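The values are calculated or read from the model by the stated rules, or taken from the named source; none is laboratory data. Everything numeric here is computed off the predicted structure, so don't read it as measured data. Cβ placement follows ideal geometry from the backbone for every residue including glycine, while neighbour counts extend to all protein chains displayed.
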Amino acid sequence: MEKTVLVMGAGDAIGSAIMRAFAGVGYTVVGARRNGEKLQPVVDEIVRTGGKAHGFSCDARNEEQVTELFAKIENDIGPLDSVVFNVGANVPMTMLDTDTRKFTKIWEMATLAGFLTGQAAARLMSERGQGSIIFTGATASMRGAAGFGAFASAKGALRNMVQSLAREMGPQNVHVAHVVIDAAVDTEWIKGMLPDYEARKANDGVVNPDDLAQNYVWLHEQPRNSWTFELDIRPWNEKW
């Protein structure tokens, strides 16, 4: 039986790196994002190097689409060993500039989508008595900074929800974990935003997505006598 991993929110940086990391140790990987056609490059890369990968379109905020995606994977590809929720929702704005529509959209992306993904995974894994569900968090999961009120409220809510899920699923032999990425990750967005990007990268001051992704594999493969709930990650020189 294929060992299958779903990355919900498989973007060009962290999500794709997680797909490559799991594929590199023999898992069949499935990536999902709103525009699934954007996954073709990473799917082709994994297949070209001998792995197995699939890409699908899914709006993680839509319960019907999430349900259909999980059913398709289970029926056509294989039972899910791990599900990673990695949907991004970082939209900086001041509280005074945040209207109801923007606030709600950020909450839907970071919190509601996490609930729908986690619930769908938990239903399957609790029946089988095994698996892992891993959620990507951020600095905003732990504290709110100026200009990130909506994002912090949504990420903080996600973290609290994941704590509840972990306590419910642990006795079912399902490992639930939360990864706090307290740093800048090497993406095109970060490259354009940081004036000292090149200097930081040369000094290992920016998180490499492929190095980061290895932590997700490690969390999934942990023995249950020493599960980690929360893992915080930052470069050696990051202030915290």
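Brief remarks follow.
- Of all residues making up segment 12-45, the number that are touching a Ser or Thr at 6+ places or on another chain (Cβ under 6 Å) and not hydroxyl-bearing (Ser, Thr, Tyr): 3
- Test: Met169 is farther than 29 Å from Val206 by Cα, surrounded by 17 or more Cβ atoms within 10 Å (Cβ to Cβ) and in contact with a Gly (Cβ under 7 Å, 6 or more places away or on another chain): no
- When restricted to residues that are over 21 Å from Gly88 (Cβ atoms) and either modelled with pLDDT under 95 or over 18 Å from the mean Cα position of the chain (by Cα) (or both), segment 165-198 contains 10.
- Checked against the criterion of being out of contact with any Ser or Thr (no Cβ under 9 Å at 6 or more places or on another chain), among the polar types (S, T, N, Q), in a helix (DSSP H, G or I) and more than 23 Å from Arg234 (Cβ to Cβ), the candidates Gln130, Gln119, Gln163 yield just one match: Gln119.
- Per this entry, Ala146 is not counted among residues that are among the small types (Gly, Ala, Ser), out of contact with any Leu (no Cβ under 9 Å at 6 or more places or on another chain), closer than 25 Å to Pro209 by Cα and not in a strand (DSSP E or B).
- Residue list for segment 199-220, filter: free of Cβ contacts under 8 Å to residues at least 60 places away in the same chain and not polar (S, T, N, Q): Ala199, Arg200, Lys201, Ala202, Asp204, Gly205, Val206, Val207, Asp211, Trp218
- Sole exception among (1) part of a helix (DSSP H, G or I); (2) over 29 Å from Ile46 (Cα atoms); (3) modelled with pLDDT under 95 for Lys201, by number: (2)
- Checking each residue in segment 16-69 for being in contact with a Leu (Cβ under 9 Å, 6 or more places away or on another chain), assigned to a loop (DSSP other than H, G, I, E, B) and surrounded by fewer than 17 Cβ atoms within 10 Å (Cβ to Cβ) picks out only Asn62.
- Some residue of segment 173-182 being assigned to a helix (DSSP H, G or I), out of contact with any Asp or Glu (no Cβ under 8 Å at 6 or more places or on another chain) and surrounded by 23 or more Cβ atoms within 10 Å (Cβ to Cβ): no
- Failed item, numbered, when Val83 is tested on (1) under 26 Å from Pro235 (Cβ atoms); (2) not in a helix (DSSP H, G or I): (1)
- Residue within segment 148-162 that is buried (at least 24 other Cβ atoms within 10 Å of the Cβ), of a type in the set (Gly, Ala, Ser) and in contact (Cβ under 8 Å) with a residue 24 or more places away in the chain present: yes
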